[in-house]
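Asker: Quick one: this structure, given as structure tokens, is what I'll be asking you about.
The values are calculated or read from the model by the stated rules, or taken from the named source; none is laboratory data. Please read these numbers as outputs of a predicted model, since none were measured by experiment. All Cβ positions, glycine included, derive from the backbone under ideal geometry; neighbour counts span all protein chains shown.
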Amino acid sequence: MIKITLPDGSVREFESGASPMDVALSISEGLARNVLAAKINGEVKDSNTPITADATVQLLTWNDLDGKSTFWHSSAHLMAEALEAIYPGVKFWVGPPVENGFYYDIDTAGETISSDDFKKIEDKMLELARTKSAFERIPISKADAVAYFEEKGDEYKLDLLSGLEDGQITLYKQGNFTDLCRGPHIPNTSYIKAAKIMNVSAAYFKGDQNNKMMTRVYGITFPKAKELDEYLTMLEEAKRRDHRKLGAELDLFTFSDKVGKGLPLWLPKGAMLRERLENFLKKAQLRSGYQPVVTPHIGSKQLYITSGHWEKYGEDSFQPIRTPEEGEEFMLKPMNCPHHCEIFKARPRSYRDLPLRLAEFGTVYRYEQSGELHGLTRVRGFTQDDAHIFCANDQVEAEFKKVIDLVLYVFKSLGFENYSAQISLRSKENRSKYIGSDADWDKAEAAIINAAADKGLDTVVEYGEAAFYGPKLDFMVKDALGRKWQLGTIQVDYQLPNRFELEYNGADNAKHRPVMIHRAPFGSMERFIAILIENTAGNFPFWLSPEQIAILPISEKFEDYCNEVFLELQEHDIRGYVDHRAEKIGRKIRDAEVNKVPLMLIVGEKEQEEGKVSLRKKGEGDLGSFTIAEFVEFAKNEINKNIPKFGNN
């Protein structure tokens, strides 16, 4: 008999050779019908994999990321079978699952696949799915695999085989389609109830522009037709909320090929939006004991060799800047942390200085491939709300809790209410890739786990996902469309203090090495603003709106009074504009609504005589007449509604 430990900690006994599907059936037939695959000791396997020793087992369904990934991997094979049936002679390179669906790179043997063909591919996929063909795993020797694909004349699979070792090779077969694949897969094709081909594009074989051009076909599938309908509706809404579209419409940012790809230019309204976000976080950081610092946009190449960033990011960085001085090279900085280490090291430090919290809105640069650039979410120059906390080992847990408080304050203030956190720890089996002592790791991991538990966070633990220098906590936020984004990260680092030989004098008068905590609640300002635009559809909370008010005179006779009102409101840090255009008031109101201005102050003869304004709120309509002092109080209340109090931590 073997013991199977389930995620809830319960243990069940089975005969050796039982499969995850047997485990599911022992719980309920309903569960078994929904099992797509299973994690056995942390590794995703087919649901019919025999288990011959005690193991931990997690049954994976559509609700699990690994379950979806397996579902879409199998769907890629189903699409390949459909394509092979429609276009005899096609050959396949790789067909992985991606974040939403899957793709396959195809040599179409001279055929052209266009959007006109999508419907027949989808219909063929569903026809084949209804055959309920099992996904059969076939272990095979390398020699037999080579012979099989040589007979088929498949140079692409032979290329894949050249990098594989004998004893680790498997084929998967369903229906009339067989492919070189390590798996895993869903039990059979009937689980796939809805299919949609999303796009076709060109892709070089192995990503090398010197190789043959292939056709990449993207698709997505679902276990229910209703879920496909919901997904397509969400995509339409996502197009409407696309930050690139709204950024242009609201005059927030632009790009210029003359300036350079992936280098955003912030327009006045976008710059005001950034400024308000920065000031919001700076205020909270000052209350939390952070000290602002400023570091240059470049640094000596040697700085990044010392930190390890040259080795890690060298290929993705802009190439070094050479000066007239022999051997002198600088780099556009890829990270702020090495600079902050040098600030720590600038003078002797005592245990009384700790924790030392250094914060900077620092711009960094990465040479992203041009094909990977995407609006503000993937750029070559971006600003991080970066901070580094230098502390003693016994301060790590307390500092972690304070950073969690700050991250959650940011989320609450900006309307991100649906979030979870991932605790990334060392692999249980392979410890060789991590640096630092086991004692330090044990303390740091316990500190993160305890801090997250004390704060009542909804967490998942992932072993093997820690950085090589320490464990971390990543916050995953769901936006208004149900999409998940990583926002906010806290990392514990033993590597940089060692590399930079950072020290402080302890209470025992001996030298000690500090621990370094990296944190960024926004992450990248550019990416965060892109997500914020899409989450709010450009309807920012009042305190954050670049233009909070539009003052709308009914005619030019009232413009002088409107200008006086505008100047008085500016004294209270209320931003906006006076619409001086010779347009009717209805048009001015409509345009302010389209530009997503939260509040409109309408001024006519009565308002001017009484020293008041008529207030109209976007989405709510007229709210009545206000004196200027009353409106200022109203505006302050609007701000306080959105931003909760954040005290000293």
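Asker: Any residue at all in the stretch 34-44 that is assigned to a loop (DSSP other than H, G, I, E, B), of a type in the set (Asp, Glu), without any contact (Cβ under 8 Å) to a residue 60 or more places away in the chain and farther than 30 Å from Gly153 by Cα?
Answerer: Let us first name the residues in the stretch 34-44 that are assigned to a loop (DSSP other than H, G, I, E, B), namely 35-36, 41-42.
Filter again for of a type in the set (Asp, Glu), leaving none.
No, the stretch 34-44 contains no residue that is assigned to a loop (DSSP other than H, G, I, E, B), of a type in the set (Asp, Glu), without any contact (Cβ under 8 Å) to a residue 60 or more places away in the chain and farther than 30 Å from Gly153 by Cα.
Asker: If I go through the stretch 1-33 residue by residue, how many of them are of a type in the set (D, E, K, R), farther than 12 Å from Thr56 by Cβ and either buried (at least 16 other Cβ atoms within 10 Å of the Cβ) or without any contact (Cβ under 8 Å) to a residue 12 or more places away in the chain (or both)? So that I can check it myself, show each step before the final result.
Answerer: Initially, the stretch 1-33 is screened for residues of a type in the set (D, E, K, R), giving 3, 8, 12-13, 15, 22, 29, 33.
Going one step further and asking which of them are farther than 12 Å from Thr56 by Cβ, we end up with 13, 15, 22, 29, 33.
Those still in the list that are either buried (at least 16 other Cβ atoms within 10 Å of the Cβ) or without any contact (Cβ under 8 Å) to a residue 12 or more places away in the chain (or both) too: 22, 29, 33.
Total satisfying the criteria: 3.
Asker: Would you check which residues across the stretch 309-327 are under 11 Å from Arg366 (Cβ atoms) and of a type in the set (Ser, Thr, Tyr) and list them?
Answerer: Within the stretch 309-327, Tyr313, Ser317 meet the criteria.
Asker: Does Gly488 fit the bill of being of a type outside the set (Phe, Trp, Tyr), assigned to a strand (DSSP E or B) and over 22 Å from Pro348 (Cβ atoms)? Full working, then the answer.
Answerer: Details: of a type outside the set (Phe, Trp, Tyr): yes; assigned to a strand (DSSP E or B): yes; over 22 Å from Pro348 (Cβ atoms): yes.
So Gly488 fits the description; yes.
Asker: Of the numbered conditions (1) in contact (Cβ under 8 Å) with a residue 40 or more places away in the chain; (2) charged (D, E, K, R); (3) over 22 Å from Phe528 (Cβ atoms), Arg244 fails exactly one; give the number of that condition.
Answerer: Only one criterion is unmet by Arg244, namely (3).
Asker: Count, please, the residues in the stretch 387-414 that happen to be over 18 Å from Lys455 (Cβ atoms), surrounded by 24 or more Cβ atoms within 10 Å (Cβ to Cβ) and at pLDDT below 95.
Answerer: Number of matching residues: 1.
Asker: Something else now. Among the listed residues Ile86, Ile27, identify the single one that is over 22 Å from Asp123 (Cα atoms) and either over 32 Å from the mean Cα position of the chain (by Cα) or hydroxyl-bearing (Ser, Thr, Tyr) (or both). Working first, answer last.
Answerer: Values: Ile86 fails: over 22 Å from Asp123 (Cα atoms).
When all the criteria are applied, what remains is Ile27.
Asker: Go through the stretch 502-547 and give me each residue that's in contact (Cβ under 8 Å) with a residue 40 or more places away in the chain and on the phi > 0 side of the Ramachandran plot. I'd like the intermediate steps shown before the answer.
Answerer: Of the residues in the stretch 502-547, the ones in contact (Cβ under 8 Å) with a residue 40 or more places away in the chain are 502-507, 512, 514-547.
Listed by number, the residues that qualify are Gly523, Ala537, Gly538.
Asker: Under the condition of being assigned to a strand (DSSP E or B) and basic (Lys, Arg), which residue from the stretch 491-524 is surrounded by the fewest Cβ atoms within 10 Å (Cβ to Cβ)?
Answerer: Filtering the stretch 491-524 for residues that are assigned to a strand (DSSP E or B) and basic (Lys, Arg), the one surrounded by the fewest Cβ atoms within 10 Å (Cβ to Cβ) comes out as Lys511.
Asker: Criterion first (in a helix (DSSP H, G or I) and touching a residue at least 60 places away in the same chain (Cβ under 8 Å)) does Leu376 satisfy it? It would help to see each step written out before you state the result.
Answerer: Working: in a helix (DSSP H, G or I): no; touching a residue at least 60 places away in the same chain (Cβ under 8 Å): yes.
When the stated conditions are applied, Leu376 does not pass them.
Asker: Here's another thing I want to ask about it. Contact list please: Cβ distance under 9 Å, first residue in the stretch 198-215 and buried (at least 16 other Cβ atoms within 10 Å of the Cβ) and hydroxyl-bearing (Ser, Thr, Tyr), second residue at pLDDT below 90 and assigned to a loop (DSSP other than H, G, I, E, B), pairs at least six apart or on different chains.
Answerer: Thr215/Glu111
Asker: Quick check on my filter: what residues within the stretch 447-477 are of a type in the set (Gly, Ala, Ser), in contact (Cβ under 8 Å) with a residue 24 or more places away in the chain and surrounded by fewer than 19 Cβ atoms within 10 Å (Cβ to Cβ)? Spell out how you get there, then give the answer.
Answerer: The first filter runs over the stretch 447-477 and keeps only residues of a type in the set (Gly, Ala, Ser), leaving 447, 451-453, 456, 464, 466-467, 470.
Now restrict to residues that are in contact (Cβ under 8 Å) with a residue 24 or more places away in the chain: 447, 451-452, 464, 466-467, 470.
Residues satisfying the conditions are Gly464, Ala467.
Asker: If you don't mind, another one. Report whether or not Leu78 is in the same structural domain as Asp123 (by TED's automatic domain parsing) and either more than 26 Å from Glu127 (Cβ to Cβ) or surrounded by 20 or more Cβ atoms within 10 Å (Cβ to Cβ) (or both).
Answerer: Values: in the same structural domain as Asp123 (by TED's automatic domain parsing): yes; either more than 26 Å from Glu127 (Cβ to Cβ) or surrounded by 20 or more Cβ atoms within 10 Å (Cβ to Cβ) (or both): yes.
Criteria met by Leu78.
Asker: Scanning for something closer than 30 Å to Val98 by Cβ, in a loop (DSSP other than H, G, I, E, B) and in contact with a Phe, Trp or Tyr (Cβ under 6 Å, 6 or more places away or on another chain), does the stretch 53-67 turn up at least one residue?
Answerer: So far as the stretch 53-67 goes, no, none of its residues is closer than 30 Å to Val98 by Cβ, in a loop (DSSP other than H, G, I, E, B) and in contact with a Phe, Trp or Tyr (Cβ under 6 Å, 6 or more places away or on another chain).
One line per residue, one yes/no per condition, for (1) under 28 Å from Pro521 (Cβ atoms); (2) surrounded by 18 or more Cβ atoms within 10 Å (Cβ to Cβ); (3) at pLDDT below 95:
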{"residue": "Ile305", "(1), (2), (3)": "no, no, yes"}
{"residue": "Gln319", "(1), (2), (3)": "no, no, yes"}
{"residue": "Arg322", "(1), (2), (3)": "no, no, yes"}
{"residue": "Pro334", "(1), (2), (3)": "yes, yes, yes"}
{"residue": "Arg357", "(1), (2), (3)": "yes, yes, no"}
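Asker: A further question follows. Residues being among the small types (Gly, Ala, Ser), surrounded by fewer than 18 Cβ atoms within 10 Å (Cβ to Cβ) and more than 20 Å from Ala387 (Cα to Cα): count how many of those fall in the stretch 307-317. Before you say what the answer is, go through the steps one by one.
Answerer: Filtering the stretch 307-317 for residues among the small types (Gly, Ala, Ser) gives 307-308, 314, 317.
In the following step, the residues that additionally are surrounded by fewer than 18 Cβ atoms within 10 Å (Cβ to Cβ) were identified as 308, 314.
Cutting the leftovers down to more than 20 Å from Ala387 (Cα to Cα) gives us 314.
The number of residues fulfilling the criteria is 1.
Asker: Scan the stretch 46-62 residue by residue and report those that are more than 12 Å from Ile186 (Cβ to Cβ) and touching a Pro at 6+ places or on another chain (Cβ under 9 Å).
Answerer: Going through the stretch 46-62, the residues more than 12 Å from Ile186 (Cβ to Cβ) turn out to be 49-59.
Within the stretch 46-62, Thr49, Ile51, Thr56, Val57, Gln58, Leu59 meet the criteria.
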